[in-house]
Each structure stands twice: as structure tokens, then as C-alpha cells.
Ligand code: GLU
């Protein structure tokens, strides 16, 4: 049975039985909304090259965009019926809890703290935090030798939190709402380094290879999950199945090779989908 038809069948059955997995679908579950309205609003970023970017001619491209489209299509919603929402890192939780977005596919690390507010399906990608510096800053080899220097991070991210927890004495943390602001400040010489996940940083290097480089020494582990409303177990299971299928079908790797490969980033093996 095709995905959409299966979902429709499940929806008819959930009124009488826990037919689609071990949990019933609450009326406002992601699955019910997708089938009922044939529409989804998905939170991404509009300014992260390789991961999710709105092009000048209004298209959305990148690995996160592909993951979002794949999941939506498995829920029976084709890409023409997706509304893309530009979610700032610091508003990801409230964009989900307020119902502005149905799903969040925005380099969103699964953390225990966030799990108190939202649910995650995944992970769908393993990465880690690193530093972006100007090509000529050869003396910066890791966060420990940023003493007295300015480090840019984006508010509401695990990257900023990690700097505050571990390196706050040594570095001057500058916080901006978006990565593109940090990169502009770095290029203008207003900060000495930018920190976040290396896969995000690789996208900015690809745009300015003659000016920027990634230091190449990870100092955290990040696992990206798809965020959705807490308590929607049916929705989480459906999204996890879609991620698993994207990985096993080869579409996951093809998307990474197409979107992330050109930056020279080493594509990691697919993660085990544990949040399901
Ligand atoms: N993955 C980290 C987080 O979710 C940092 C990158 C980002 O802003 O998405 O906070």
C-alpha cells in the first residue's frame, strides 16, 4: 500500500483501535493533520548553504530541505503543499509548541533539555561543534587558544551554551540571531571566530574558500533530529519511519553527496534511528 493510502487507512482505524503502532493518534497529531489538510508548515533556515537555503529565485535547497520533503511525502504531503518557515535557532521550541510549524528540520540537535518541550524523531545526521576562522588566523587551533578573543555564536543554540559552560572565562562571547550575521562579522574582522556544527561551517567555507577555513577539531557531539510536538507519539513514529526509509533507500546519501559533498566535507555513516 502506498504511504498516503496507508495513512488514510490508519486514520480510519484509529477511532476504534490502536491500529497503527502501539499508540492511537490524537486528533491533532501530525499524521492526522497531514492527511486531513494535505498541508504542512516546516521550520528550516533560509541562510544555511548546503543545509537549507532560499535561493534568489525562491527555491528551497539543501540536505535539511530534502529530509523535510522526504518526510512530508511519506506523510502524504507533496512539496508544493509545504509552507517553509524561517525559524531562527532561538525560536525553534516555541515555533513547535505554538503550532506555527508542524515539523522542525533545522540542524536541530537532540538534547534532554529540549526534549522537555518538544519531541524528536531521529537522529538523521551526526556532527559536532568546531570553529570557523579567517584563513590567515593560523594561530587559532581550537577553543582553548581563543583567550581574550571574540567568538561569535548564535543565541539559543547548543554551540553558545557549550561556550558559556566550558570557555566563558577565556573568550568573549558575542551572540547574534543568525549564522550569516556571525560570518559577516568574521569577514569584517569584528570577531575572531564563529562556532557551531562543522557541517554548517563547511557551507560558509564553500562560499568563501579564499577567506575562511574550519579549524577541524570537534569539541562536541551533535545529533540532528526532526522536532515535532511533544506527546505526538504517532507523529514521531511516522517521521522516524520516513527517516529510516530515506537512509535505506539511498536517498539520504544521494542528498548529502549533492548538497554537502561539494564543500569537501566528509560524509559520515548514517546514524541509528533511536528516537522513534
Ligand atoms: N545543532 C546545534 C543546535 O541545535 C547548533 C546549530 C544550530 O543552530 O542549529 O543548537
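For every residue, the table says whether it meets (1) more than 18 Å from residue 230 (Cβ to Cβ); (2) within 11 Å of the ligand (Cβ to nearest atom); (3) touching a residue at least 40 places away in the same chain (Cβ under 8 Å).
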{"residue": "54", "(1), (2), (3)": "yes, no, no"}
{"residue": "70", "(1), (2), (3)": "yes, no, yes"}
{"residue": "86", "(1), (2), (3)": "yes, no, yes"}
{"residue": "98", "(1), (2), (3)": "no, no, no"}
{"residue": "108", "(1), (2), (3)": "no, yes, yes"}
{"residue": "112", "(1), (2), (3)": "no, no, no"}
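Please specify each residue of region 242-270 satisfying the condition of being buried (at least 18 other Cβ atoms within 10 Å of the Cβ) and in a loop (DSSP other than H, G, I, E, B).
If the condition is that a residue be buried (at least 18 other Cβ atoms within 10 Å of the Cβ) and in a loop (DSSP other than H, G, I, E, B), then 260, 265, 270 are the ones that fit.
Mind telling me which of the residues 228, 212, 187 ends up being more than 18 Å from the chain's Cα centre (by Cα), more than 11 Å from the ligand (Cβ to nearest atom) and surrounded by 17 or more Cβ atoms within 10 Å (Cβ to Cβ)?
So the residue among 228, 212, 187 that is more than 18 Å from the chain's Cα centre (by Cα), more than 11 Å from the ligand (Cβ to nearest atom) and surrounded by 17 or more Cβ atoms within 10 Å (Cβ to Cβ) is 212.
Does residue 47 qualify as being more than 16 Å from the ligand (Cβ to nearest atom), under 28 Å from residue 208 (Cα atoms) and surrounded by 15 or more Cβ atoms within 10 Å (Cβ to Cβ)? First the steps, then the outcome.
Details: more than 16 Å from the ligand (Cβ to nearest atom): no; under 28 Å from residue 208 (Cα atoms): yes; surrounded by 15 or more Cβ atoms within 10 Å (Cβ to Cβ): yes.
The answer is no for residue 47.
In region 94-116, how many are crowded, with 19+ Cβ neighbours inside 10 Å and either more than 12 Å from the chain's Cα centre (by Cα) or at negative phi (or both)?
Summing the residues that are crowded, with 19+ Cβ neighbours inside 10 Å and either more than 12 Å from the chain's Cα centre (by Cα) or at negative phi (or both) in region 94-116 gives 12.
All but one of (1) outside any strand (DSSP E or B); (2) within 16 Å of the ligand (Cβ to nearest atom); (3) in contact (Cβ under 8 Å) with a residue 60 or more places away in the chain; (4) more than 30 Å from residue 40 (Cα to Cα) hold for residue 217; state the number of the condition that does not hold.
It fails just one condition, (2).
Pick out, from region 20-113, the helices (runs of 4 or more DSSP H) lying fully within it that include 3 or more residues that are modelled with pLDDT of 95 or more and in contact with a helix residue (DSSP H, G or I) (Cβ under 9 Å, 6 or more places away or on another chain). Talk me through it step by step, then tell me what you get.
Numbers: elements: 30-37, 63-74, 92-97.
Result: 63-74.
The values are calculated or read from the model by the stated rules, or taken from the named source; none is laboratory data. Keep in mind that this is a model prediction, so the values were computed, not measured. Cβ sites come from the backbone with ideal geometry, for glycine too, and all protein chains shown count toward neighbours.
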